[in-house]
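Okay, structure first, notes after.
The values are calculated or read from the model by the stated rules, or taken from the named source; none is laboratory data. Worth saying up front: this structure is predicted, and the values here are computed from it rather than measured. Note that we place each Cβ from the backbone using ideal geometry, even for glycine, and neighbour counts take in every protein chain shown.
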Amino acid sequence: MTDTERGRGAYDLPLERPLDLLREVYDGTIRRRLPRVLGVYNGVVTRRYYLLDLTQSTNEPAYKQALVEGVREAIDPGDAVVEIGAGFGVCTVWAAREAGAEGRVLSFEANAEQTRVVREALELTGQVAGEDLLDRVDVQQALVGSDLETYGSMAGAARVEPAALPDCDVLTMDCEGAELDVLRELSVEPRTIVVETHPTHGAPTDAVVEVLSSKGYAIETTPVTTKEGGSKDVVTATKSSDT
Ligand SMILES: C[S@@+](CC[C@H](N)C(=O)[O-])C[C@H]1O[C@@H](n2cnc3c(N)ncnc32)[C@H](O)[C@@H]1O
């Protein structure tokens, strides 16, 4: 998760500058004691920012747009879905809605507070949509594969080896660079894999595409321009029926 996604981007300064030091102290002490505010992110009601966050925006219709579109296109009603890196639950909610009442989503998130945020997003958005989304999703606090950058502490997280992930129709990943190791060690063959790449965290698009191609997947990429000005992609990998 980037600084901007955490709501800190507006006052980014080099570490040696006093304001940046103040920010580090504030983030490590006061910020997480403040309440989080509800907002709507790509149609999902969730708590993304803390009160007083300078970049706080409570309405982002295009939050994670490329990933949300990739997830929505990949999932059919009745599908079994595995998600790694649930974050604020935006993609989790859309996965649950696309899988429908007959489908199931197993969602892994390493940070305890984020798992609560995800469950709340399922409950609140489900109320608005008139669907019991919580019933379709098993949110587990677990670190899958490597710990490259989890959001906050991993205290209490179980560890899941990528080779032990259960079979599923669709696998979706947005886990801050852990994607590459998970894909290398994956033993199941989902019909579709949707990955947000993280070039700055050791999971660049070309390496993700190489691993997926070597496993017999056909690849489509959609560029994502980040607020920081860098670029990454959403990679959709589909197993053709004759491979
Ligand atoms: C950018 S957020 C995901 C946002 C999410 N796609 C959404 O729609 O709200 C990334 C999340 O992945 C989690 N994470 C990072 N590495 C992980 C790993 N190896 N296993 C499980 N969760 C991980 C972080 O704690 C963070 O909450």
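Observations on the structure shown:
- Glu60 modelled with pLDDT of 80 or more and of a type outside the set (Phe, Trp, Tyr): yes
- Selection status of Thr55, in contact with a Gly (Cβ under 6 Å, 6 or more places away or on another chain), within 16 Å of the ligand (Cβ to nearest atom) and at pLDDT below 95: yes
- Residue in the range 228-243 that is in a helix (DSSP H, G or I) and under 29 Å from Gly78 (Cα atoms) present: no
- From the list Ala203, Ala142, Ala163, Ala121, the one residue that fits, being buried (at least 16 other Cβ atoms within 10 Å of the Cβ), aliphatic (A, V, I, L, M) and touching a Leu at 6+ places or on another chain (Cβ under 8 Å), is Ala203.
- Output for the range 100-111, where each listed residue is surrounded by fewer than 24 Cβ atoms within 10 Å (Cβ to Cβ) and outside any strand (DSSP E or B): Gly100, Ala101, Glu102, Gly103, Asn111
- Only residues that are under 24 Å from Val117 (Cα atoms), among the acidic types (Asp, Glu) and not in a loop (DSSP other than H, G, I, E, B) were counted in the range 13-56, giving 2.
Conditions (1) under 13 Å from Trp94 (Cβ atoms); (2) of a type in the set (Gly, Ala, Ser), marked per residue:
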site: Glu24; (1), (2): no, no
site: Pro35; (1), (2): no, no
site: Tyr41; (1), (2): yes, no
site: Ala74; (1), (2): yes, yes
site: Asp79; (1), (2): yes, no
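- Taking strands (runs of 3 or more DSSP E) as the structural unit, those lying wholly within the range 125-209 and holding at least 2 residues that are within 12 Å of the ligand (Cβ to nearest atom), of a type outside the set (Asp, Glu) and in contact (Cβ under 8 Å) with a residue 60 or more places away in the chain correspond to 170-173.
- Restricting the range 66-99 to residues that are within 14 Å of the ligand (Cβ to nearest atom), charged (D, E, K, R) and touching a residue at least 40 places away in the same chain (Cβ under 8 Å) leaves a set whose member that is surrounded by the fewest Cβ atoms within 10 Å (Cβ to Cβ) is Glu69.
A quick yes/no check of all residues on (1) in contact with a strand residue (DSSP E or B) (Cβ under 6 Å, 6 or more places away or on another chain); (2) of a type in the set (Ser, Thr, Tyr); (3) at pLDDT 95 or above; (4) under 26 Å from Gln114 (Cβ atoms):
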| site | (1), (2), (3), (4) |
| --- | --- |
| Val209 | yes, no, yes, no |
| Thr222 | yes, yes, yes, yes |
| Glu228 | no, no, no, yes |
| Thr238 | yes, yes, yes, no |
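- Counted residues, the range 105-126 - those being more than 14 Å from the chain's Cα centre (by Cα) and aliphatic (A, V, I, L, M): 3
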